[in-house]
Amino acid sequence: MSHPLASNAKPSSLNGERTDYILVGGGLQSGLMALAISHHQPNARWIIIEQQEKLAGNHTWSFHETDLANDCASWAESIAEYRWPHYQIRVGGRVRTVEIPYRTCSSSHFEKVVTCTAQQARGEILTHTTVADVEKNCVVLGDGRRLDGAVVIDNRGPAPRNAGSFAGGFQKFWGFELELNQDWPHANPIVMDDQIDQEDGFRFIYTLPMERRRVLVEDTRFSNTTSIDREECLEKVRAYVISRGCHDWRIVREEHGVLPMPTNGFMPGSGLPMLAGGYRGGWFHAATGYSFPMALRVAQTIATNPIDQLADALQRLSQEHAWRGRFSRFLNRLLFELVKPQTRYQIFRRFYRVLGEPAIARFYGHRFTALDAFRIVVGVPPMGLQPLKFIRSYKRLPSRQVVAPTSNQPIKVPG
Ligand SMILES: Cc1cc2nc3c(=O)[nH]c(=O)nc-3n(C[C@H](O)[C@H](O)[C@H](O)COP(=O)(O)OP(=O)(O)OC[C@H]3O[C@@H](n4cnc5c(N)ncnc54)[C@H](O)[C@@H]3O)c2cc1C
């Protein structure tokens, strides 16, 4: 599908040609927008401006195949680098195989796909270039040059606008990609395995077997604090890998993150002075800290609406997500305020016991129904509740001031 661009597009001042979309920040959201625009509007010119030396940072983005369904599959399928037919959850002594095809994309693969698309379509990628100021139709670069476009979309990652308004918990993790001297014993991902010491909230190991002898092993927690210690995570990972019978391996890559799981604050896409996607626009799932499924839909929305109607289109998308955003924040309040850290595993055990595959896919994709929400919260309450803390959390002023993270830096919480 293609549509005419708004007629008031101005020429870019960098190369003299008209730029339609200026995408600020070269991470997940800008990359997805570039792919969607190139697919839906092959004649549109876009430019990504990234401050680092390359696009996409250092991540492994995982998602359900169902996130790509229908409208996004045609342009996003190529980013699925690794594919598995299903994955396992091992929580509270229960083992469940979740029959939803699982996909992963590394930063390096994502960068290749976006770069290749730029060459084939009418795209341009500027790296090593910092954007100092962002306006509706223009950006000012760090060296003072101005670049005009028909529209500017701010995808610079987590926004400082959340400072002072944050309360909640965090999904924090440190992952080690390992090369083994023998085969990994599991052919499919294990997304949660809580057979490790339960310290610092609900803690589990996440494994992605990328090849028979290459696996990403992550120590992950749903915690009330942001601190994370590499050596301690490595110790847990080492013990886990040895428990799988693998003694001889080396680390080939690492990644870590501290993702916000707020109990309050901005809803996806709301309260923004200008067009913004990804974390910058609040387009993430509060109850997982993940942004991939929403980033797909934001990209699809940007690419399939006329430029002069983008604000309204994003507003409609924001409204679609609003009640789910509120419900996810309520879930975080239950998880981080009502349930004691050491008994949080019960929430996940129940989640994977009561929900079928379609409901699990809808939950992670931020497209859950009211019935799904009902089934998630209604049932026998878990042990180890702290009702007073929960009630007080509604009265408490924002409990922490957050300096929003860059993709790979832990959030720092003063005081
Ligand atoms: C290690 C890690 C793994 C994750 N795994 C998953 C996952 O499996 N699934 C999932 O759904 N979510 C995951 N997330 C969460 C989320 O999807 C990612 O953080 C995602 O990258 C957010 O996308 P974004 O485009 O909003 O921001 P980013 O991908 O962080 O991109 C922002 C970009 O803007 C650039 N930038 C910032 N300021 C400027 C400036 N002034 N000028 C120019 N460029 C600038 C940054 O350098 C960066 O490249 C993960 C997060 C981390 C940290």
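The values are calculated or read from the model by the stated rules, or taken from the named source; none is laboratory data. Quick caveat, the model's predicted, so the values are computed rather than measured. Don't worry about glycine lacking a Cβ; one is built from the backbone with ideal geometry, like all the others, and counts go over all protein chains shown. Surface accessibility is based on the protein's heavy atoms, side chains included, excluding ligands, DNA and RNA. Shrake-Rupley method; radii C 1.70, N 1.55, O 1.52, S 1.80 Å.
Once both labels are positioned 7 Å from their Cα atoms along Cα-to-Cβ, the gap between residue 214 and residue 108 label points is 0.6 nm. Simple rule: put +1 on each Lys or Arg Cβ and -1 on each Asp or Glu Cβ in the chain, find the dipole, and look at 322, 374, 60; the Cα lying farthest toward the positive end is 374.
Taken over the Cα atoms of the chain, the convex hull encloses 139 Å³ per residue. In this structure residue 323 has an accessible area near 90 Å², from a 1.4 Å probe over the protein heavy atoms. Residues 115, 304, ordered by accessible area of protein heavy atoms at a 1.4 angstrom probe radius and largest first, appear as 115, 304. Per-residue accessible area (protein heavy atoms, 1.4 Å probe) orders 94, 329, 214 as 94, 214, 329, starting from the largest. Full extension of the segment from residue 197 to residue 238, taken as 0.36 nm per residue of separation minus the current Cα-Cα distance, would add 13.4 nm.
Checking the Cα-Cα distances for 172/236; 172/389; 340/389 against a 18 Å cut-off, the pairs over it are 172/389. When the charge dipole of the chain is built from unit charges on Cβ atoms (+1 for Lys and Arg, -1 for Asp and Glu) and taken about the Cα centre, the candidate among 242, 281, 260 whose Cα reaches farthest toward its positive end is 260. Accessible-area rank, largest first, for 285, 59: 59, 285, with all protein chains present and a 1.4 angstrom probe. Centre-to-centre separation between the Cα atoms of the stretch 246-308 and those of the stretch 125-156: 21 Å.
Label sites at residue 94 and residue 370, each approximated as a point 7 angstrom past Cα along Cα to Cβ, lie 2.7 nm apart. Taking Cα centre as origin and charging only the Cβ of basic (Lys, Arg, +1) and acidic (Asp, Glu, -1) residues, the dipole magnitude of the chain rounds to 1420 debye. If a paramagnetic tag sat 7 Å from the Cα of residue 229 along the Cα-Cβ line, which residues of the stretch 334-353 would have the backbone N under 11 Å from that point? Flagged as within label range: none. Translational diffusion of the stretch 335-394 was estimated from the Stokes-Einstein equation, with Rh taken as the Kirkwood radius over Cα pairs; at 37 °C and 0.692 mPa s the coefficient is 262 µm²/s. By a 1.4 Å probe calculation restricted to protein chains, residue 378 has an accessible surface near 70 Å², given to the nearest 10.
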